[in-house]
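The values are calculated or read from the model by the stated rules, or taken from the named source; none is laboratory data. Not measured: the values here are computed from a predicted model. All Cβ positions, glycine included, derive from the backbone under ideal geometry; neighbour counts span all protein chains shown. Surface areas here come from the heavy atoms of the whole protein model, side chains and all, with no ligands, DNA or RNA. Shrake-Rupley method; radii C 1.70, N 1.55, O 1.52, S 1.80 Å.
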Amino acid sequence: MPIINFDIGCRGLRSDVTKKYGYGLTVEGLQAANYYAADQTTSEVAQKIRKPDKTFFWVGEKSRSFLFGQQLFLHGGHTLIITEGEIDALTVAQEVTDPRACVVSLSD
């Protein structure tokens, strides 16, 4: 599902952060998180879709993905921060001041 809007309107998240991570709204108004190949490429392989009732479903090949946001840190960093959810990762990434910090989320 293509993401058409990166202004998701929650937690005061900036659209530059959601766009960088590949998180936004689909045509249907659902929140979508892009996931990339676990083999350390930047190929999008799946999306985790969040419904308004906070249930989720996957589109694509979930088994080929690993951590949300991993595509941004293929060359490593200084500090690794792992959160429990995509929106948590976006929130932390927006607030972290260390440019070498890698902020990712578990997929489930």
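What residues qualify as long-range amide H neighbours of ALA46, i.e. H under 5 Å apart, gap of 5 or more or another chain, H built at 1.01 Å from N?
Here the answer is TYR35, GLU61, since their amide H atoms fall under 5 Å of that of ALA46.
In Å², and per residue, what accessible area does region 4-108 have when probed at 1.4 Å with the other protein chains present?
56 Å²
What does the helix-only formula give at 222 nm for the chain: each DSSP H stretch with n ≥ 4 adding -39500 (n - 2.57), the total divided by the residues, and the result rounded to the nearest 500 deg cm²/dmol?
After summing the helix terms and dividing by residue count, I get -4500 deg cm²/dmol.
Evaluate E = 1/(1 + (r/R0)^6) for VAL27 and ALA101, where r is the Cβ-Cβ distance and R0 equals 30 Å; express this FRET efficiency to the nearest 0.05.
For VAL27 and ALA101, the calculated efficiency is 0.35.
Percent antiparallel among DSSP beta bridges with both residues in the chain, to the nearest 5?
If we restrict to bridges inside the chain, about 80 percent are antiparallel.
At what distance in nm do the modelled label points of VAL92 and ASP108 sit from each other, each positioned 7 Å from its Cα along Cα→Cβ?
2.0 nm
Residues of region 28-45 with backbone nitrogen within less than 17 Å of a virtual label 7 Å along the Cα-to-Cβ line of ILE82, please, listed as ranges.
Taking a point 7 Å out along Cα→Cβ of ILE82, the residues of region 28-45 whose backbone N falls under 17 Å are 36, 38-40.
Kindly state, to the nearest 0.05, the FRET efficiency for CYS10 paired with ASP39, given R0 = 30 Å and r defined as their beta-carbon distance.
The calculated FRET efficiency here is 0.45.
Would you please give the residues with an amide H less than 5 Å from that of THR83, counting only those at least 5 places away or on a separate chain, with H modeled from the backbone geometry?
Those lying under 5 Å, H to H, from THR83 are VAL104, SER105, LEU106.
Given a 1.4 angstrom probe, I'd like the percentage of the accessible area of region 9-108 that is carbon and sulfur, rounded to a whole number.
52 percent
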